[in-house]
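Okay, structure first, notes after.
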């Protein structure tokens, strides 16, 4: 029998994730009802969706996009409104929600733990994007979930353009502790060292500091719940980090040890997959010196388009008052040869990486 497509979805939580899901589903023609305990967030999210928030029937699926500690209360409230409730959650931890559901009145097979691995350091509906999940992993922990709900969850993920990845609850929490929660703690600890710094010193800040502290601007209330909820998986990682940090302190005066530290970091970073979760790619970087005048970036991108090559990444360095700037473009090794010759022919000052 052909599976019926979703037509009505209720989303509780009008933050970045909930509103982004709502925008993606609404664009796909799904009727979405969005609610939030914060009237401002709910009103803004509804306006982003076009202002329409009316149902002509009971929803088939309720997506809970709230902080972890709110899940139990949301389920209790929604069950009173809809006894046939089916829930899909989107939180960053999975063991605690599963435990919370086991003590609720919601039957376990009608709860689907999921986690879209996408986000931004800025929270709230104002940061929502309908394409936030495009090409991103979306973890599904669906052991014991009823087939009808599994089909609904898979449809949501598909409509959002994400890549579904099956994991157990334990596998999920162990993995995100390493690739998401530990980086958040490290970034927050590093950024906290900047408190009270001399403003003259901070004027020297560059891209390295901004890159390594970017996620330190995350929501403290949300992340306190995430970290505490996944403490069992995080604790051994932090102990290992503590051990490595102690070793680094003892070896600061030894160049060989410091070289090994940096080399280990490079090897670890090389293990990070490339775009869309694929195999990491080796890029060739072209540094291009430009004049400090409008239209230079657009002109370079247009020149690359003429060469029919794909720009994989770019970075811009420019000092106020300086007459020149530097744009660094990343290409596949094959494309870099083509585009370097093309840009030089057009008069750009191109400097291939060593």
(request) State yes or no: is residue 72 assigned by TED's automatic domain parsing to the domain that holds residue 125 and without any contact (Cβ under 8 Å) to a residue 24 or more places away in the chain? (result) no
(request) Tell me, yes or no, whether region 78-96 has at least one residue that is farther than 22 Å from residue 28 by Cα, assigned to a helix (DSSP H, G or I) and touching a strand residue (DSSP E or B) at 6+ places or on another chain (Cβ under 6 Å). (result) yes
(request) Test residue 100 against the stated conditions and say whether it is farther than 15 Å from residue 222 by Cβ, touching a helix residue (DSSP H, G or I) at 6+ places or on another chain (Cβ under 9 Å), touching a residue at least 12 places away in the same chain (Cβ under 8 Å) and not in a loop (DSSP other than H, G, I, E, B). (result) yes
(request) Could you tell me which residue of region 33-69 is surrounded by the most Cβ atoms within 10 Å (Cβ to Cβ), considering only residues that are in a helix (DSSP H, G or I) and without any contact (Cβ under 8 Å) to a residue 40 or more places away in the chain? (result) 46
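Rundown of residues vs (1) out of contact with any helix residue (DSSP H, G or I) (no Cβ under 6 Å at 6 or more places or on another chain); (2) modelled with pLDDT under 95; (3) farther than 30 Å from residue 69 by Cα; (4) assigned to a helix (DSSP H, G or I), yes/no style:
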| residue | (1), (2), (3), (4) |
| --- | --- |
| 205 | yes, yes, yes, no |
| 236 | yes, no, no, yes |
| 243 | yes, no, yes, yes |
| 257 | yes, no, yes, yes |
(request) Mind counting the residues in region 168-202 that are more than 29 Å from residue 213 (Cβ to Cβ) and part of a loop (DSSP other than H, G, I, E, B)? (result) 1
(message) I'd like the residue in region 103-127 that is part of a loop (DSSP other than H, G, I, E, B) and at pLDDT below 90 and, out of all such residues, is surrounded by the fewest Cβ atoms within 10 Å (Cβ to Cβ).
(response) 122
(request) Could you run through region 262-274 and say how many residues are surrounded by 10 or more Cβ atoms within 10 Å (Cβ to Cβ) and either modelled with pLDDT under 95 or within 19 Å of residue 178 (Cβ to Cβ) (or both)? (result) 4
(request) Collect the residues in region 14-32 that are crowded, with 18+ Cβ neighbours inside 10 Å and closer than 21 Å to residue 154 by Cβ, keeping them in residue-number order. (result) 17, 18, 20, 21, 22, 23, 24, 25, 26, 30, 31, 32
(request) Would you please name the residue that is surrounded by the most Cβ atoms within 10 Å (Cβ to Cβ), looking only at residues in region 174-194 that are free of Cβ contacts under 8 Å to residues at least 40 places away in the same chain and farther than 16 Å from residue 217 by Cβ? (result) 175
(message) Name the single residue that is farthest from residue 31 (Cα to Cα) among those in region 144-160 being under 26 Å from the mean Cα position of the chain (by Cα) and not in a helix (DSSP H, G or I).
(response) 145
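The values are calculated or read from the model by the stated rules, or taken from the named source; none is laboratory data. This one's a predicted model, so the numbers in the text were calculated from it and none came from an experiment. All Cβ positions, even for glycine, are placed from backbone atoms using ideal geometry, and neighbour counts span all protein chains on display.
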